[in-house]
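The structure appears right after this line, and notes come after that.
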Amino acid sequence: MALFKAYDPKVEVNGETVLSVIAGVGVFADTARKWLSENGINDPKPGQWYSQQAWLNCFKLIAEKSGKTTLKKIGESIPENAQWPPQVNSIETSLGSIDMAYHMNHRNGNIGSYKFTKTGPKSAIMVCDNPYPDAFDFGIIESVARKFSKPDDRVSVKIDESKPHRDKGADSTTYNIEW
């Protein structure tokens, strides 16, 4: 599947998640609102649903005009703005719940997935098969892991460069996570 292209044209994303774009860009919130509006998302509100493709079009603009750091910041804001399963209380449950949260915040068709696999006592992989850019998912994964880490955990997230990834045309990206 292509980056920035919804897997299904009927897919929608909720307002809470769309608002993460605005939250993630900080002082450039007015620019984010403008870009959202230019793509058909006017004055997003919690509880409302919006075209995922319109949102992805905004992501593409952000990638072209602001770069990966901004996309990562937006990803980092997702755990604070999107709906999240209530039973999350550790790094393992938080990372394992990203796919559930993703499905809570998207609807109407194939949206892709986040597949979490624990690989050791303090390590895991996450395979992201969705139309979002790598930096955005990196921000989500790192932010979720840090939010639920213990004080002595040292969270490390890295793209597995030995595997193909979406920013280079692949269908998915694999992240190595340690804590």
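Within the range 33-53, can you find the residues that are in contact with a strand residue (DSSP E or B) (Cβ under 9 Å, 6 or more places away or on another chain) and surrounded by 13 or more Cβ atoms within 10 Å (Cβ to Cβ)?
Leu36, Asn39, Gly40, Ile41, Pro44, Gln48, Trp49, Tyr50, Ser51, Gln52 - these are the residues of the range 33-53 that are in contact with a strand residue (DSSP E or B) (Cβ under 9 Å, 6 or more places away or on another chain) and surrounded by 13 or more Cβ atoms within 10 Å (Cβ to Cβ).
Cβ contacts < 8 Å: first residue among the charged types (D, E, K, R), restricted to the range 38-64; second residue in a loop (DSSP other than H, G, I, E, B), any location; separation 6+ or different chain. Result?
These pairs meet every condition: Lys60/Phe4.
In the range 121-158, what residues are part of a strand (DSSP E or B) and either surrounded by 18 or more Cβ atoms within 10 Å (Cβ to Cβ) or in contact (Cβ under 8 Å) with a residue 40 or more places away in the chain (or both)?
Those that are part of a strand (DSSP E or B) and either surrounded by 18 or more Cβ atoms within 10 Å (Cβ to Cβ) or in contact (Cβ under 8 Å) with a residue 40 or more places away in the chain (or both): Ser123, Ala124, Ile125, Met126, Val127, Cys128, Asp129, Val157.
Within the range 83-99, identify whether any single residue is among the aliphatic types (A, V, I, L, M), surrounded by fewer than 21 Cβ atoms within 10 Å (Cβ to Cβ) and under 17 Å from Glu142 (Cα atoms), and answer yes or no.
Yes, the conditions are met somewhere in the range 83-99.
Might you check whether a residue that is farther than 21 Å from Lys72 by Cα, modelled with pLDDT of 90 or more and crowded, with 19+ Cβ neighbours inside 10 Å occurs anywhere in the range 10-32?
For the range 10-32, residues farther than 21 Å from Lys72 by Cα, modelled with pLDDT of 90 or more and crowded, with 19+ Cβ neighbours inside 10 Å: present.
Considering only the range 35-60, state which residues are among the charged types (D, E, K, R) and assigned to a helix (DSSP H, G or I).
Glu38, Lys60
Given the residues Ala32, Ala6, which is the only one that is among the aliphatic types (A, V, I, L, M), touching a helix residue (DSSP H, G or I) at 6+ places or on another chain (Cβ under 7 Å) and outside any loop (DSSP other than H, G, I, E, B)?
When all the criteria are applied, what remains is Ala32.
The values are calculated or read from the model by the stated rules, or taken from the named source; none is laboratory data. Just so it is clear, the structure is predicted and the values come from calculations on it, not from any experiment. Cβ sites come from the backbone with ideal geometry, for glycine too, and all protein chains shown count toward neighbours.
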